[in-house]
Amino acid sequence: MNNNIKGLILIITGMSFFIVQDTLIKLTVNDLSLLQILVFRATVGIIILICYLLYKKENIVFKSAYPFVAIFRGFFFFIGFLLFFISIGKISLAEATSLFFVSPLFITILSHFILKNKIGINRILSVCVGFIGTIFIIKPSFTDINIYMLFPIFTALTYSISMLLARKTAGEDTLFQQTFHIYIGAFFGGNLFSILIYYSDINFIILDNLNNPWILNDFQTIAIIILISILGSFGIISLIAAYRIGSAIVNAPTEYIHLLFSVVIGFFIFSEIPDIYSFIGIILIVTSGIYIVYRENKRDALVVAKTTLRT
């Protein structure tokens, strides 16, 4: 079995972990503390990643050569996925997931400003197609808009900025260091928000999931939260392993299987059936995203080829 096939299997495995995690969070997010879930997930993730590095006999490094960037990435990433998990308790799993997959559009646009990449006409057209797909799903009107539809889009924005900053600092910080920063950001962010909410006695209406108290004396609840944490951690490790051994041009489009899982799970477990406009939007977003990934990897391959010829 070649490395690309292994990478493909790892991507599918990772996405399977993530969809089960998302399903459990959607089932419990209105009853449990989302902040508790994120703090526990970060804690378990740190423990699993340390064990993984010990098993691989690799160095365990928490510090960063870019401390301010690491702090920004970790906290911004936490805010983004906090809003995403709130959204899946309010809108369908397929809609939330498809809106999150506008991230390649943000990466394309922001890479021009963060990485100084050039954006050609083909990518501009792809961004436009993806934007039209987003409009089909949100279906905004001047009198009414579902605020929760915007949360996954914000998550896609925070994710895109995080990934671009990770690429920009990759020369000094390893992939595992950057993963630690994400977990640490979620750990401190979740605890900080919990303390502020507890002592300020603020009742968030839009973010009502944040008002749920932590549950520490119920074994079944703790077991569910730990299961969510383990699933999320193994999903991340699967993706890390996939991109370390497989081709990005094969792996990246395969991530869209998560969207297929979301549609199926949403139908069979939550009786969610996207309307025709949402299906059109999903197709447009996936098409534009896959094309952008293809163009990005083709550009990288050309750069590598030119560099090889020069040397």
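A Cβ distance below 6 Å, combined with a sequence gap of six or more or placement on separate chains, defines the contacts here; from segment 241-269, residues that are assigned to a loop (DSSP other than H, G, I, E, B) reach residues that are modelled with pLDDT under 80 and surrounded by fewer than 16 Cβ atoms within 10 Å (Cβ to Cβ) in the pairs Gly246/Asn3; Gly246/Asn4; Ser247/Asn4.
One residue stands out in segment 139-162 among those that are touching a residue at least 60 places away in the same chain (Cβ under 8 Å), more than 11 Å from Val102 (Cβ to Cβ) and hydrophobic (A, V, I, L, M, F, W, C): the one that is surrounded by the most Cβ atoms within 10 Å (Cβ to Cβ), namely Phe151.
When restricted to residues that are among the basic types (Lys, Arg), over 26 Å from Leu227 (Cβ atoms) and not in a loop (DSSP other than H, G, I, E, B), segment 41-84 contains 1.
In segment 155-180, how many residues are part of a helix (DSSP H, G or I) and under 20 Å from Ala242 (Cα atoms)?
Going through segment 155-180 one residue at a time, the tally reaches 13.
Screening segment 195-211 for residues that are within 15 Å of Phe85 (Cβ to Cβ) and surrounded by 18 or more Cβ atoms within 10 Å (Cβ to Cβ) and picking the one that is modelled with the highest pLDDT gives Leu210. Scanning segment 3-26 turns up no residue that is out of contact with any Lys or Arg (no Cβ under 6 Å at 6 or more places or on another chain) and not in a helix (DSSP H, G or I).
Tell me whether segment 130-138 contains one or more residues that are among the polar types (S, T, N, Q) and surrounded by fewer than 14 Cβ atoms within 10 Å (Cβ to Cβ). Among the residues of segment 130-138, not one is among the polar types (S, T, N, Q) and surrounded by fewer than 14 Cβ atoms within 10 Å (Cβ to Cβ), which makes the answer no.
Condition check: closer than 24 Å to Glu255 by Cα, of a type in the set (Phe, Trp, Tyr) and surrounded by 14 or more Cβ atoms within 10 Å (Cβ to Cβ). Does Phe40 satisfy that? The answer is no for Phe40.
The values are calculated or read from the model by the stated rules, or taken from the named source; none is laboratory data. All of these numbers come straight from a predicted model, not from anything done at the bench. A quick note on method: Cβ atoms are made from the backbone with ideal geometry, for glycine too, and the neighbour counts reach across all protein chains shown.
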